[in-house]
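The values are calculated or read from the model by the stated rules, or taken from the named source; none is laboratory data. Small disclaimer: the values here were computed from a predicted structure and weren't measured. For the accessible areas, the whole protein counts, side chains as well, though only heavy atoms, and no ligand, DNA or RNA atoms are used. Shrake-Rupley method; radii C 1.70, N 1.55, O 1.52, S 1.80 Å.
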Amino acid sequence: MSFLFGGGRPQPTSAEKIAAAEAEIEMVSDMFNRLVSTCTKKCIPSDYREADLNKGESVCLDRCVSKFFEVNVKVSEKMQQESANRAGGAG
């Protein structure tokens, strides 16, 4: 059994690394798709008449994307905090 010197945890196998990378890619792709769908519905009217974004649409998209990522960071931090609290309480 192989262990790391620092933590005493077994090293992940290549298959585990690949599975983790695939899960991360899927998570990022899902987040991107939700971002595009949400901000497009919010900021770009379905009856658009111009090929390019106007200033209002562009500003709306910038704000929407910024808020989306801000909320995503806050949710991630909260989830990590909850996970640490559960791990600390169980140990």
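Tabulated results
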quantity: Per-region count, the stretch 34-91, residues assigned to a helix (DSSP H, G or I), more than 20 Å from residue 24 (Cα to Cα) and basic (Lys, Arg); calculated: 6
quantity: Residue ID - modelled with the lowest pLDDT, chosen from residues in the stretch 19-46 that are farther than 17 Å from residue 67 by Cα and open to solvent by 90 Å² or more (accessible area, probe 1.4 Å); calculated: 46
quantity: Enumeration of residues in the stretch 10-45 that are more than 15 Å from the chain's Cα centre (by Cα) and farther than 18 Å from residue 56 by Cα; calculated: 10, 11, 12, 13, 14, 15, 16, 17, 18, 19
